[in-house]
Amino acid sequence: MDDKKACSEQRETERVVSLISSQDPEKMEPNRSWSDLQPEILSLILSNLFFWDSSNFNASCRSWKSICPPFPSPTGSLLSKLPYLMTLNGSNCKFFQPLCNKMYQKEILELKNARIRFSKYSWLLMSHGESSMFFFHPFTMVKIELPDLPTRNWFQNICFLSRPTSSDCMVIGISSHTPEWIEFCIIKRGEDKWTYQDMGTSIHFIISDASPELYNGKLYCLGEAGNLGVLDLSNNIGWTSWEVGSKPLSRSSCYKFRQSFMVKCDDGMLVVCVTHEDRRVLVEKCYLLEMFWEDVESLGDKMVFVSHGASLLEDAVEKGMANKIYFPKFHGKSGVYYSLDTEMYHSILGKYSCRTSFNLAEQLSCTWINDIKYSSNSLSTVQKW
């Protein structure tokens, strides 16, 4: 994979050099302005600038103001190291890049009136109507249709564990309509029907809307009470092994949570919660070996991107992005992040800041998506499950 990435970056470098070299110096005017550079070259330069630098870039002159970074970002560029927030409304897909606060649009008719349920490896898991589910890659335009569900699509949470094109891919739907029972629905690559199983639990558990996370062969699910349910996939017992941890979030008894998000970290799970009454943001980490919860006051040089389709923990590509949580929220045309340093929401563009999120616009059908690659495909192709 590293060799392929290196080759891709080398090709991109050669392309930029070729563009610059194509401008014959003998035909160029001695006093030619920087504003006369080809838009494609300027666009590639812009894809390697942090927000404040990109703002200065756009303010340099009138012709540069209209320049946008290429989408998707060139491999190896600064923008390619960060995820995009994808939102879906009908068939209108929007891709927001927080580093430069830019929005891109793409019409994808195959996604019309579908709902984003989960995403990973740049693949979307979509539901449509009461029984239809399918995978879709929004850049290669590949669609993989799953067998119809035998009953209504009632999953409170659903995920897949590996690339949909891999032989070991499985999809797991989860529902817990009563605290005493949880229902799993699973389908493996190549199977033509879903399998259901109900399991009782001695500890009450209602699954939250936080996306499940796979860690060392176990699927961890966050409950509304702040406890973790564990589906063991690492032994011969299979996916029928289920247990609920008795230790909930340390602050779950003090607050009622409106939203919760979970993302895998070094040796445990990082959970971001938004309280119901004052929209306060709380961050805790669960050390899985001891099932011990600890308050998190700083992310260090990390940043978190949260959504119900997928949440990601990434290294900060710039110092100004560290120790921040990027929500699928907007203040006008500006994206919004929450700073653990100031304990406030801030707009990426402008000087807006507030301790609550009541006046922010929230995106519902959305997900963070990374590992975006170039593709010349414009027509959808369908593959078999």
- Near pairs, Cβ below 8 angstrom, 6+ apart or cross-chain, from the stretch 158-178 (in contact (Cβ under 8 Å) with a residue 24 or more places away in the chain) to any residue that is among the β-branched types (Val, Ile, Thr) and open to solvent by 10 Å² or more (accessible area, probe 1.4 Å): 176/206
- Only one of these conditions is not met by residue 373: (1) surrounded by 14 or more Cβ atoms within 10 Å (Cβ to Cβ); (2) modelled with pLDDT under 95; (3) not polar (S, T, N, Q). Which number is it? (1)
- Quick one: count up the residues across the stretch 341-356 that are over 20 Å from the mean Cα position of the chain (by Cα) and not in a strand (DSSP E or B). 9
- Could you tell me whether residue 201 is open to solvent by 20 Å² or more (accessible area, probe 1.4 Å), without any contact (Cβ under 8 Å) to a residue 24 or more places away in the chain, at negative phi and of a type in the set (Val, Ile, Thr)? no
- Message: Regarding the stretch 266-275, can at least one residue be identified that is of a type in the set (S, T, N, Q), closer than 20 Å to residue 368 by Cβ and open to solvent by less than 20 Å² (accessible area, probe 1.4 Å)?
- Response: no
- Task: Report, ordered by the first and then the second residue, all pairs with beta carbons closer than 9 Å, sequence separation of six or more or different chains, a first member in the stretch 332-346 that is open to solvent by 10 Å² or more (accessible area, probe 1.4 Å), and a second member that is of a type in the set (Asp, Glu).
- Result: 340/297
- Task: Those residues that are small (Gly, Ala, Ser), over 19 Å from residue 97 (Cβ atoms) and open to solvent by less than 40 Å² (accessible area, probe 1.4 Å), I need them from the stretch 347-361; list them, please.
- Result: 357
- Which condition number does residue 311 fail, the rest of (1) crowded, with 19+ Cβ neighbours inside 10 Å; (2) without any contact (Cβ under 8 Å) to a residue 60 or more places away in the chain being met? (2)
- Item | Which numbered condition residue 328 misses (of (1) closer than 23 Å to residue 120 by Cβ; (2) surrounded by fewer than 21 Cβ atoms within 10 Å (Cβ to Cβ); (3) modelled with pLDDT of 95 or more; (4) not hydrophobic (A, V, I, L, M, F, W, C)) | (2)
- Among 152, 163, which is charged (D, E, K, R) and surrounded by 14 or more Cβ atoms within 10 Å (Cβ to Cβ)? 163
- Note on the structure: Of 122, 131, the only residue that is over 20 Å from residue 188 (Cβ atoms), surrounded by fewer than 22 Cβ atoms within 10 Å (Cβ to Cβ) and among the polar types (S, T, N, Q) is 122
- Tell me the strands (runs of 3 or more DSSP E) entirely within the stretch 197-307 that contain at least 2 residues that are within 28 Å of residue 84 (Cα to Cα). 213-215, 218-222, 257-265, 268-275, 281-287, 302-305
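The values are calculated or read from the model by the stated rules, or taken from the named source; none is laboratory data. What you are looking at is a predicted structure, and each value in this text was computed from that prediction instead of being measured. FYI the Cβ positions are ideal-geometry reconstructions off the backbone, even for glycines, and counts take in every protein chain you see. Please note that ligands, DNA and RNA were not included when accessible areas were found on the heavy atoms of the full protein model with its side chains. Shrake-Rupley method; radii C 1.70, N 1.55, O 1.52, S 1.80 Å.
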